[in-house]
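Engineer: Submitted below is the structure of interest, expressed as structure tokens.
The values are calculated or read from the model by the stated rules, or taken from the named source; none is laboratory data. Owing to the predicted nature of the structure, the values given are computational and were not obtained by experimental measurement. So basically every Cβ, Gly included, is an ideal-geometry build from the backbone, and we count neighbours across all protein chains shown. For the accessible areas, the whole protein counts, side chains as well, though only heavy atoms, and no ligand, DNA or RNA atoms are used. Shrake-Rupley method; radii C 1.70, N 1.55, O 1.52, S 1.80 Å.
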Amino acid sequence: MVLAPSSQAAVPAPSARTLVGTSPQWAAASADKGATPSSQQLTARVYLAGQDPAGLAAYAKAVSTAGTAQYDRFLTPAQVQQRFGATPAQIAAVHAWATGAGLQIAGSSAHYVDVHGTAAAVNRAFGTHLHEYAVQGELRQAPSSDAVLPASVASAILGVTGLSQNAPRNRPQSISVNASEAQLATGTAKPKPKPGLPTVATCSDYWGQKTVSGAPKGYTAKTSFDQCSFTPAQLRKAYGVTASGLTGKGARVAIVDAYGSSTMLADANRFATAHGDRAFRKGQYTEVVDPAAWTRTGPKDGCGGAAGWAGEESLDVEMVHGMAPDADVVYVGANSCSDQDLLAALSTIVDKHLADVVSNSWSGLMHSTSGDETPAQVAAYEQIFQQGAVEGIGFDFSSGDCGDESPAAAATGTNCDPTSTRAQTGFPSSDTWVTDVGGTALAVRNKAGAYGFETDMGTQRSVLSADGKSWTPFPGTFYFGGGGGTSEDFAQPWYQGTVVPSTLSHTLMTGATSKTAQRVTPDVAMNGDLYTSVLVGMSDGAPYSEGGYGGTSVSAPEFSGVQADAIQARHGRPIGFANPALYERFGSKSFTDVVNHTLGKGKQPLNAVADLGVVSGSLRIRLVAFGRDYGLAATKGFDNATGVGSPTEAYLNSFR
């Protein structure tokens, strides 16, 4: 035996690697209906790890953190690819492995290689066996064991998706006021209303402008009418954008949703001019959409098709333009609501550096009866988020509209995912590398939009019966609430350590104690409650109309617009991944510390009569208590309902 000189370190031989999580939880032996026919065709996506994944993460952290040598030294997409991307040798090795197993190369990008072939070839390539499983009344295909990569490509591959047939789980985090009418809470009717309730449809121009008597015991003697849906000008006023004089000039904001509306630009321009704002100037608004490539457009395909996303797109575009009227806006429409297609849309933005800020008003669950989010999918998202941070691009996500996302919240919540298996945070919204934007309920002091107060986004609702004699249920059930909480899946990131209370970071949403500190969301919050709705204009094949929308789908583009204004304050210099800057400013005048003053013994609920107008020939009256999020609470300091708080004029001026 010849020993290597002591100055030389022994290099370990490459070894095979098991892809944990490629066989989903529902692929149980009890549900197994046999092997997938060997001739059946399928396509899988192989995500490339790149030449230095650890270096990419390290640079993303350093470039985003003040005081480091790399801070603010952003790279171009070409520099990122040269320094961190997959090498020609890595790509060639992946191709050789796939074709050697009998698979064909069906497509590729800088981030992935699509492979296509028979089940027999897939079994050979991935060292597993595809089977059919009976899941929720249907047959689904999945590997019977986790896939295994050979040593020749183990380090070149980040992960693999498409081997199992998981249902798409991403959806918009918004709902229109009218749509909520179809989802009335049920329960036992109790108190009889007193005289003094409204007899005609109405709303208040500002909080407390119009009040009404007739609310049952437990509510204040004079209950406020719900505020009319906010316009962008009112929101700019409330959050200090107007006073700052900033308009987002020089900044670029991308918006990612599924599909696309053929009338988006015309609708946005009509909406803006109708409410005293400027239409998009020529070339200020652009789109990246490909209707010919859209998939999952049917009513049973899990995405809702273009019509199901049209309201979300209109909300996002009009809100970003409203909060930052001079910012350039690019809408990038994914070909479906699947992770694969949404990731492709995000990849397009970073690979071409289309924007400085990316607004995403959609999210899903980490843990669902349809299957948990796989490590491969999480890694693929994080690679894009880290590349964005390195290039100076920040990603904003809606935190969700169902409080702690528990099955109990979903039982009565109007915009909840019924497949949730436990209290949890959403994904990608809770990922370490994104800004999770939570919701508040905003009250203004005058019609112009002067800031009044905020509480956390969360409502308890009771409905006046059709005959006007009772409230159902009473005192009401959870109806709508901002998302957030302590993640069981992501450890506490470096930027949260000195801000987040240990009682939050070490207490999971199930009530269990975590030995390690975990990520807590949201990071920041802005108006989003359904009963402090914002006005949205749209047509998309129907006559143009305007109506109120609520949800953290409002909050995310609001904050993206604010970030565009902050970039202008930086003289056009991108902020990039925003979280370190947000937490650095925690506790200063940059944020309003949103506290629910209605919590506690003997406190009256902050409430409003939500008079939504005439529906099906009858007046609908709701009694709403604010500050009633499910499982989350807005408390002094950082909290799991509103994060560091809501931004102010001082936040924008801090970037000058």
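Engineer: Scanning region 608-627 for residues that are within 22 Å of Thr477 (Cβ to Cβ) and open to solvent by 10 Å² or more (accessible area, probe 1.4 Å), which turns out modelled with the highest pLDDT?
Structural biologist: Going through the qualifying residues, I end up with Arg620.
Engineer: Out of region 202-231, which residues are among the aliphatic types (A, V, I, L, M) and in contact (Cβ under 8 Å) with a residue 24 or more places away in the chain?
Structural biologist: Matches in region 202-231: Val212, Ala215.
Engineer: Considering region 295-314 alone, what residues qualify as being open to solvent by 60 Å² or more (accessible area, probe 1.4 Å), on the phi < 0 side of the Ramachandran plot and charged (D, E, K, R)?
Structural biologist: Lys300, Asp301, listed by residue number.
Engineer: Additional query: Could you please find all residues in region 259-271 being surrounded by fewer than 20 Cβ atoms within 10 Å (Cβ to Cβ), in contact (Cβ under 8 Å) with a residue 12 or more places away in the chain and assigned to a helix (DSSP H, G or I)?
Structural biologist: Scanning region 259-271 gives Leu265, Ala266, Arg270.
Engineer: State which residue pairs qualify: first residue assigned to a helix (DSSP H, G or I) and crowded, with 24+ Cβ neighbours inside 10 Å and inside region 232-248, second residue modelled with pLDDT of 95 or more and not hydrophobic (A, V, I, L, M, F, W, C) in any location, beta carbons under 6 Å apart, and separation of 6 or more residues or different chains.
Structural biologist: The qualifying pairs are Pro232/Gly322; Gln234/Gly449; Arg236/Thr242; Ala238/Gly449; Ala238/Tyr451; Val241/Asp565.
Engineer: Within region 414-443, which residues are of a type outside the set (S, T, N, Q), in contact with a strand residue (DSSP E or B) (Cβ under 8 Å, 6 or more places away or on another chain), open to solvent by 10 Å² or more (accessible area, probe 1.4 Å) and at pLDDT 95 or above?
Structural biologist: Once the filter is applied, which keeps residues that are of a type outside the set (S, T, N, Q), in contact with a strand residue (DSSP E or B) (Cβ under 8 Å, 6 or more places away or on another chain), open to solvent by 10 Å² or more (accessible area, probe 1.4 Å) and at pLDDT 95 or above, region 414-443 yields Ala423, Trp433.
Engineer: Only one of Glu382, Glu318 is charged (D, E, K, R), at pLDDT 95 or above and open to solvent by less than 20 Å² (accessible area, probe 1.4 Å); which?
Structural biologist: Criteria check complete, one pass: Glu318.
Engineer: Condition first: among the hydrophobic types (A, V, I, L, M, F, W, C), more than 28 Å from the chain's Cα centre (by Cα) and either within 20 Å of Ala355 (Cβ to Cβ) or surrounded by fewer than 16 Cβ atoms within 10 Å (Cβ to Cβ) (or both). Now tell me which residues in region 79-101 satisfy that.
Structural biologist: Answer for region 79-101, where residues must be among the hydrophobic types (A, V, I, L, M, F, W, C), more than 28 Å from the chain's Cα centre (by Cα) and either within 20 Å of Ala355 (Cβ to Cβ) or surrounded by fewer than 16 Cβ atoms within 10 Å (Cβ to Cβ) (or both): Ala89, Ala92, Ala96.
Engineer: Answer yes or no: is there a residue in region 357-377 that is surrounded by fewer than 24 Cβ atoms within 10 Å (Cβ to Cβ), among the charged types (D, E, K, R) and either outside any helix (DSSP H, G or I) or at pLDDT below 95 (or both).
Structural biologist: yes
Engineer: Looking at (1) among the aliphatic types (A, V, I, L, M); (2) within 18 Å of Leu342 (Cα to Cα); (3) open to solvent by 60 Å² or more (accessible area, probe 1.4 Å), find the lone condition where Ala274 falls short.
Structural biologist: (2)
Engineer: Looking only at region 511-535, how many residues end up being open to solvent by 10 Å² or more (accessible area, probe 1.4 Å) and of a type in the set (S, T, N, Q)?
Structural biologist: Qualifying residue count for the region: 4.
Engineer: What residue, among those in region 389-408 that are part of a helix (DSSP H, G or I) and touching a Leu at 6+ places or on another chain (Cβ under 8 Å), is surrounded by the fewest Cβ atoms within 10 Å (Cβ to Cβ)?
Structural biologist: The qualifying residue surrounded by the fewest Cβ atoms within 10 Å (Cβ to Cβ) is Glu391.
Engineer: A follow-up question, please. Only one of Thr65, Thr43, Thr36 is open to solvent by 60 Å² or more (accessible area, probe 1.4 Å) and of a type in the set (Val, Ile, Thr); which?
Structural biologist: Result: Thr43 is the single residue among Thr65, Thr43, Thr36 that is open to solvent by 60 Å² or more (accessible area, probe 1.4 Å) and of a type in the set (Val, Ile, Thr).
Engineer: Under 6 Å between Cβ atoms, at least 6 apart or on separate chains: pull out the pairs that start in region 106-133 with a residue that is surrounded by fewer than 18 Cβ atoms within 10 Å (Cβ to Cβ) and end on any residue that is assigned to a strand (DSSP E or B) and hydroxyl-bearing (Ser, Thr, Tyr).
Structural biologist: Once the first residue is surrounded by fewer than 18 Cβ atoms within 10 Å (Cβ to Cβ) and sits in region 106-133, its partners that are assigned to a strand (DSSP E or B) and hydroxyl-bearing (Ser, Thr, Tyr) give Ala106/Thr43; His116/Thr43.
Engineer: Additional query: Please go through region 455-466 and give me each residue that is open to solvent by 10 Å² or more (accessible area, probe 1.4 Å) and either assigned to a strand (DSSP E or B) or within 30 Å of Asn360 (Cβ to Cβ) (or both), ordered by number.
Structural biologist: Passing the criteria: Gln460, Val463, Leu464.
Engineer: Confirm whether Ala292 is of a type in the set (A, V, I, L, M, F, W, C) and either part of a loop (DSSP other than H, G, I, E, B) or open to solvent by 10 Å² or more (accessible area, probe 1.4 Å) (or both).
Structural biologist: yes
Engineer: Right, another one. Pick out the one residue from Lys601, Lys589, Lys636 that is part of a loop (DSSP other than H, G, I, E, B), at pLDDT below 90 and surrounded by fewer than 24 Cβ atoms within 10 Å (Cβ to Cβ).
Structural biologist: Going through Lys601, Lys589, Lys636 in turn, just one is part of a loop (DSSP other than H, G, I, E, B), at pLDDT below 90 and surrounded by fewer than 24 Cβ atoms within 10 Å (Cβ to Cβ): Lys601.
Engineer: For Val11, are the conditions met, namely being at pLDDT below 95, in contact with a Pro (Cβ under 8 Å, 6 or more places away or on another chain), open to solvent by 30 Å² or more (accessible area, probe 1.4 Å) and not small (Gly, Ala, Ser)?
Structural biologist: When the stated conditions are applied, Val11 does not pass them.
Engineer: Another one. Working carefully through the options Tyr71, Tyr112, find the one that is of a type in the set (Ser, Thr, Tyr) and in contact with a strand residue (DSSP E or B) (Cβ under 8 Å, 6 or more places away or on another chain).
Structural biologist: Tyr112
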